[in-house]
Structures are given as structure tokens and as C-alpha cells.
1. Which residues, taken from region 94-109, are crowded, with 16+ Cβ neighbours inside 10 Å and out of contact with any Asp or Glu (no Cβ under 9 Å at 6 or more places or on another chain)?
2. Looking only at region 53-107, count every residue that is in a helix (DSSP H, G or I), of a type in the set (G, A, S), at pLDDT 85 or above and in contact with a Pro (Cβ under 9 Å, 6 or more places away or on another chain) and tell me the total.
3. Keeping to region 55-72, report how many residues are within 18 Å of T88 (Cα to Cα) and surrounded by 13 or more Cβ atoms within 10 Å (Cβ to Cβ).
4. For region 88-109, check the following and say yes or no: at least one residue is under 17 Å from Q28 (Cα atoms), touching a helix residue (DSSP H, G or I) at 6+ places or on another chain (Cβ under 9 Å) and touching a residue at least 40 places away in the same chain (Cβ under 8 Å).
5. Hey, any hits in region 19-41 for a residue that's surrounded by 10 or more Cβ atoms within 10 Å (Cβ to Cβ), at pLDDT 75 or above and not in a helix (DSSP H, G or I)?
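The values are calculated or read from the model by the stated rules, or taken from the named source; none is laboratory data. In this text the structure is predicted, and so the values were computed from the model without any measurement. Positions of Cβ are backbone-derived with ideal geometry, glycine not excepted, and every protein chain shown enters the neighbour counts.
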Amino acid sequence: MEECRCARNIAGFAGHIQCSEGAVPAVQGGGLSEGIDYEGNILSAIAIVGLPLAPPNLEVKALVGHFISKFGEERGNLYGYTAPALNTVVQGAGRIVRGEKDRGGLSCS
């Protein structure tokens, strides 16, 4: 049910965006940044602010601890904490270009 409502909202958003200019705020890892194809080059730019680092919950701590025991402190934190955040950034940036004729800009800070 929720997926159907989200699809309708995206369809309405796509129609509105093609007729005007505007900005749509969204969070990394949320419904608008992953798993949705914005076809027809309806996005012209994406601004990514900061790294979407995971909260330090038990799962993340266990993953980081595993990598620290295998690779040491520096690489353990990189592999278990920073690399997944960078992967989320790349996935979000991939929303802008979905086909051969799509073009767009990306700004990360």
C-alpha cells in the first residue's frame, strides 16, 4: 500500500518538475534517493551535504569491530563506517543520470 502511494507521489512530482523549476529536499538513504528511477532527465542537479554516517548502533559497532580485528583501527573504521556512507552518496548521485541522454550536475560538500 505504501509503495503504491509513493509511486503516485513520484508521478505527480515528475509532472510538476517538468513544468517548473524548484528544489526537492530529501535525505540520503530515504525513499527519494534510492530505488526510484527519475526517467526523462527530470533532475538537473543534486546537492549532497555531508556523509550519511550510520548511527553507532550494535550492528554498526559489530561490523566496525570485525574490520578492526582484521585490518586494524584505521582501516576497520574506514571499511565498517565510512565506506558504507560513501556507497550511499554514490547511490544518491546516481539518481541524476539514468540513461544515455540524461545530463546533470553534482555538488558534494
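1. V97, G104
2. 1
3. Total satisfying the criteria: 3.
4. yes
5. no
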